[in-house]
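Note sheet for the following structure.
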2 protein chains.
Amino acid sequence: MTGEAPTEITLLRTRSLTSVVRQEIERLILTGAIEAGSRLNEQALAARLGVSRGPVREAIRGLERQGLVVTVVNQGSYVRKVSVEEALELYDLRALLTARACEVIAAGPPPGAEARLAALVEEMERAAEADDAPRYYALNLQFHDALMELGSGPRAQRIYADLGNELHLFRRRALVQPEKMRESNAEHAALLAAFRARDPAAARAAGEAHIRGGKRRFAASSPGANSTKPQQTAPGGHDDQESPPQHDPPQPARRRRR
Amino acid sequence: MTGEAPTEITLLRTRSLTSVVRQEIERLILTGAIEAGSRLNEQALAARLGVSRGPVREAIRGLERQGLVVTVVNQGSYVRKVSVEEALELYDLRALLTARACEVIAAGPPPGAEARLAALVEEMERAAEADDAPRYYALNLQFHDALMELGSGPRAQRIYADLGNELHLFRRRALVQPEKMRESNAEHAALLAAFRARDPAAARAAGEAHIRGGKRRFAASSPGANSTKPQQTAPGGHDDQESPPQHDPPQPARRRRR
DNA sequence: GAAGTGCAAATCGTCAACAGTTTGCACCCT
DNA sequence: AGGGTGCAAACTGTTGACGATTTGCACTTC
């Protein structure tokens, strides 16, 4: 062919296959196409993506470090299952980062920051009135991303994003309920007011309160918070430093075929 | 069995080769044996560790996600070089996490926590008086790890550890100066006092102040904070999402042989 | 003499294959 | 009939090899 468009082949020149594969697997996990707790079959994934097992394995290692999957030695990799306790900690950490970002923004907001945030709050208001939960959800995401972008460095933003992804793994993300949207957006408005007042302490408090509110709403909608033990968490304490006395079958999720 | 000691062979049964390789490469990087900015030669590493290139590549992917190395497509992986700006952000984030941990500890210290921390401060005091910087450094590390362990969840601890590792990449860690040790340990003592007083707010402030003090001491000892641009940082904004208009040779660190 | 061009070596990215381990079913024994 | 054992298939872990790209030196040319 003479006039080749930027097809897949062309993309491979500027981006490693491993990178593409990881992004795709990550997408599959986050959208729930792979569902938490299930096994990642390497050759099945390789076949599905039309590549060899090498890139797939490398991609999985990255995901492992990212906290999305856990791997058992001669057994395979599983999509990580976050327990209630872990999810709550994730909320706490996000609260910490958000609060800090809000503090910074209030101390010296970049030009256009307030207008941008105000516009988002405005749109969320309309979405809430229309009971358009998906739209509210998307806007809310944008709002928080903007918060982190305006008030944090790149490293903090990445941590925040990673925490968000991990949170997705908590058995089917709790959907926002229509009623909660107004409550949530009221907190957004309070945050905005603190920004306008140039009050860092108030902004920090409002930011933390907002995420804690989200945590509370999350905990309330959590399905009973199944009292089973945290069961399958990250292998070692640090990551994989040493794990001598610990070897429990990740879960009885059977291999399905044969 | 006849009584075989846990030799290398035995270890391979319980721990993937990739895991061992990654830990080793990480050690090489953190101890400075590989020095920041230099290239990671895959087959050289493979030969050195006595394995094939596969595990080495997988290990590098993990390190990449961890933020210790950056990879350019058809060129190779480099030990990441953190700029002054990035190092300062890392300090900020550690301050955030430490402050939170201190707050939690002061709110309800686990049994034995205060005694454990007090003992460490005591030892650091003696090390400072003896001008034993290496020992002080090690004890200080223990102290902060203990802080995180006592006042944070596992996820926060891992983030903290990762940030610490990244900080090691800032061109030859600034050594603690004899004089600074007393200053630093005084802050430790203040923290301890806040714990004993069960004053979360004071503990939080003291914790944050301490890390900020460390940041200040670090910035002061920073070699001029070379005013060159951040040059080689993480490729894309988020990680590797998309990086179309960016392709600068990581650095003119030449390939050395031929 | 300096800049541009071409070639060859080194190295990365990817693939296919081999060995070891785990797993699940079927069979056998009690 | 219930439980234990053995075997075979599937899958992971690792290796070696091939093709593609980059890079640095040498040569040519202005």
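In loop segments of the range B:32-80 as defined by DSSP, the GluC sites (Glu not before Pro) with at most 16 further C-beta atoms inside 10 Å of their C-beta are B:Glu35. Position A:Pro111: other-copy label points at 6.1 nm, ordered by increasing distance, label point 7 Å along Cα→C-beta. May I ask you to work out the translational diffusion coefficient for the range B:14-79 at 25 °C, viscosity 0.890 mPa s, via Stokes-Einstein with Rh from the Kirkwood sum over Cα pairs, reported in whole µm²/s? The diffusion coefficient I find is 210 µm²/s. Legend: residues in the range B:16-55 shielded by at least 50 square angstrom of accessible surface upon adding the remaining protein chains to the isolated chain (1.4 Å probe, heavy atoms) are B:Arg22.
For the chain pair A and B, the buried solvent-accessible surface (1.4 Å probe, both sides summed) amounts to about 3700 Å². Apolar share of the accessible surface for the range B:14-79: 47 percent from carbon plus sulfur atoms, 1.4 Å probe. Starting from the label point of B:Asp145 at 7 Å along Cα→Cβ, the same points in the other copies fall at 3.8 nm, in ascending order. What the Cβ-Cβ distance of A:Asp132 and A:Gln43 gives, at R0 = 30 Å and to the nearest 0.05, is a FRET efficiency of 0.10. Here's the list of aspartates and glutamates a cross-link from A:Lys81 could span, going by alpha-carbon distance under 17 Å and ignoring same-chain residues fewer than 8 apart: A:Glu26, A:Glu35, A:Glu64, A:Glu89, A:Asp162, A:Glu166, A:Asp239, A:Asp248. Note that the range B:52-63 has calculated 3J(HN,Hα) couplings of 8, 6, x, x, 4, 5, 4, 4, 5, 4, x, 4 Hz, one per residue in order, obtained from phi through the Karplus relation 6.51 cos²θ - 1.76 cosθ + 1.60 (θ = phi - 60°); glycine and proline are x.
Take the Kirkwood radius over Cα pairs of the range B:103-208, plug it into Stokes-Einstein at 37 °C and 0.692 mPa s, and you get 228 µm²/s for translational diffusion. Percent of accessible area on the range B:84-221 owned by carbon and sulfur, 1.4 Å probe? Carbon-and-sulfur percentage of accessible area, whole number: 55.
The values are calculated or read from the model by the stated rules, or taken from the named source; none is laboratory data. Source: prediction; values computed, not measured. Heads up, the Cβs are rebuilt from the backbone with ideal geometry, glycines too, and the neighbour counts pull from every protein chain shown. Accessible surface is based on the protein model in full, side chains and every heavy atom, while ligands, DNA and RNA are left aside. Shrake-Rupley method; radii C 1.70, N 1.55, O 1.52, S 1.80 Å.
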